[in-house]
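Worksheet: the structure to be examined is printed underneath.
The values are calculated or read from the model by the stated rules, or taken from the named source; none is laboratory data. Since this is a predicted model, take the numbers as computed values, not measurements. All Cβ positions, even for glycine, are placed from backbone atoms using ideal geometry, and neighbour counts span all protein chains on display. Side chains are part of the model used for accessible areas, which takes the heavy atoms of the whole protein and leaves out ligands, DNA and RNA. Shrake-Rupley method; radii C 1.70, N 1.55, O 1.52, S 1.80 Å.
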Amino acid sequence: MTKIVTLGIESSCDDTSVAVFIDNEVQTNLTASQKIHNDYGGVVPELASRAHQANILPTLDQALEKAQLSIEHIDLIAFTKGPGLLGSLHVGTSFAKGLALALNKPLIGIDHMQGHILAHFIKEPNQELRAPSFPFLCLTVSGGHTQIVHVKDYFDTKIIGSTRDDAAGEAFDKIAKMLKLGYPGGPLIDKMAKKGNPLAFDFPITNLDEYAFSFSGIKTAVMYFLDKQPKGFIEQHMADICASAQHAICKMLLLKIKKAAKDYNIKDIALAGGVSANSYLRVLVDQWAHQKNLRTYYPKIQYCTDNGAMIAIAGYLKYLQGHQDDLSVTAKARLY
Ligand code: KG4
Ligand code: ZN
């Protein structure tokens, strides 16, 4: 059978990422991260779209060069159609549509959250694929979303729980901002927390009905806690504060995935999205899974945070199922 060369384009937030695949195997995954937002403690949408515009073509050129392929080899173009920042999505969408038109190749728009889940099916060259078996549960935790998804097949998925307010990644980012650690906050808190005691301070664990999450309580609790501390206290106890806040966020995530695994009687537990890179969360989930004889799956770190590879694999799998978009496809900030 002839092999399919898929291009994956991701531009939903602040990373311009392009991946080249041959069938389900990643050849290159190149990301141009936007440092420009660091000074603002969060992504500035207008600056993000402009940076995507500047980065997208050079990223594609380099990705193809690294894969030792040229533009004529591309068989399929997959791109993120949403959810995300509309201006940023427009850059990737227009670029993908232009390319599909110029090359006369099929085009597929991908749901970014679906892409995060399907990152589990990215095969590395010369390595066996270790992927969860259907049906599995995926805790998809990013900067904009927190979901528990019941995955019956690649594109047969149901969101059984999501956040009522902030996303888990947003909680990490906002707490890091209060602590003046920088952006994105998740990896910075993760690193700082390694030197701290997760039980040093008692931050609240919100436990809503069923599989619903809420992270606004911990954010506010940390804010009040920091407000009332004497001068120098925060700097002195930075590692303990980070470890304790991280503990509370991860415990809330664990609580719901535990409940869902029990209720749905599921053996394969997958994590996806930027927060699934968190080292403490992985330890907590693994400890529980080990006790219960469950299997856990985490994407490689570079496929947890936003990347073109997850869009390419999703596009490839969708194409195999006979899907295609025409040029009328548009970017959408919200899909749910
Ligand atoms: O999936 P992602 O790259 O982008 C979105 O779709 O939002 O997720 C970004 C989020 C940010 O909030 C970032 O702080 C968080 O993922 N993140 C982490 C870690 N690495 C990234 N959170 C906790 N621990 C990490 N190691
Ligand atoms: Zn994402």
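Laid out as a table, the results:
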| read-out | value |
| --- | --- |
| Relative contact order [Cα under 8 Å, 6+ residues apart], segment 105-214, whole percent | 18 |
| Point-charge dipole on Cβ atoms (K/R +1, D/E -1) for the chain, about Cα centre, debye to 20 | 780 |
| Alpha carbon centroid spacing (whole Å) that separates segment 1-60 from segment 290-328 | 15 |
| In segment 1-79, the trypsin sites (Lys or Arg not before Pro) that fall in loop regions by DSSP, at most 15 other Cβ within 10 Å | K3 |
| Assigned charges on the beta-carbon of Lys, Arg, Asp, Glu; segment 266-336 dipole about Cα centre (debye) | 240 |
| Percent accessible area from carbon and sulfur atoms, the chain, protein chains only, probe 1.4 Å | 51 |
| In segment 104-201, trypsin sites (Lys or Arg not before Pro) in a DSSP loop with at most 16 other beta-carbon atoms within 10 Å | R130, R164, K180, K194, K195 |
| Segment 244-336 - accessible surface per residue (Å², probe 1.4 Å) | 44 |
| Under Karplus coefficients 6.51, -1.76 and 1.60, residue-wise ³J(HN,Hα) of segment 16-32 in Hz, glycine/proline x | 9, 10, 10, 10, 10, 10, 10, 6, 8, 9, 6, 9, 9, 9, 10, 10, 9 |
| Quarter of Cα convex hull surface for segment 220-336, i.e. mean projection, nm² | 11.5 |
| Rounded to 5, the percent of DSSP beta bridges in the chain classed as antiparallel | 60 |
| Net lengthening on full extension, K158/L57 (0.36 nm per residue, minus Cα-Cα) | 32.8 nm |
| Long-range HN-HN contacts of T163 with modeled amide H, under 5 Å | T146, F213 |
| Ranked packing of 289-302, 89-102, most packed first, by mean Cβ within 10 Å | 89-102, 289-302 |
| C-alpha long axis of helix 216-227 to longest principal axis of the chain, angle in ° | 50 |
| Backbone HN-Hα couplings from phi across segment 148-157 [Karplus 6.51/-1.76/1.60, Hz, Gly and Pro as x] | 10, 10, 8, 9, 8, 7, 3, 10, 10, 10 |
| Using θ = phi - 60° and Karplus 6.51 cos²θ - 1.76 cosθ + 1.60, couplings along segment 240-256 (whole Hz; Gly, Pro as x) | 5, 5, 4, 5, 6, 5, 4, 4, 5, 4, 5, 4, 5, 5, 4, 3, 7 |
| Per-residue [θ]222 nm for the chain (sum of -39500 (n - 2.57) over DSSP H runs n ≥ 4, rounded to 500) | -13000 deg cm²/dmol |
| 14 Å reach of a label modelled at L199, 7 Å along Cα-to-Cβ, counting backbone N of segment 235-264 | 244, 247-248 |
| Gain in span if fully extended, Q68 to K292, counting 0.36 nm per residue against the direct Cα distance | 76.1 nm |
| Potential lengthening between D165 and K262 on full extension [0.36 nm per residue; Cα-Cα distance subtracted] | 32.4 nm |
| Segment 57-121: mean projected area of Cα convex hull, nm² | 4.9 |
| The chain - percent relative contact order, Cα under 8 Å, separation 6 or more | 25 |
| Average Cα contact separation per residue, segment 34-191, under 8 Å, 6 or more apart, as relative contact order % | 17 |
| Cα pair distances in segment 126-206, grouped into 5 Å bins until the bin that holds the longest one, percent each | 3, 13, 15, 18, 16, 14, 12, 8, 2, 0 |
| Accessible area per residue in Å² at 1.4 Å probe, computed on segment 1-84 | 45 |
| Interchain or long-range residues, amide H under 5 Å from I108's placed H | I77, A78, F79, D325 |
| Degrees, to the nearest 10: 45-66 long Cα axis against longest axis of the chain | 50 |
| Angle in degrees between helix 279-292 and the longest Cα principal axis of the chain, rounded to the nearest 10 | 90 |
| Diffusion constant of the chain at 25 °C, which comes from Stokes-Einstein with the Kirkwood Cα-pair radius and 0.890 mPa s, µm²/s | 120 |
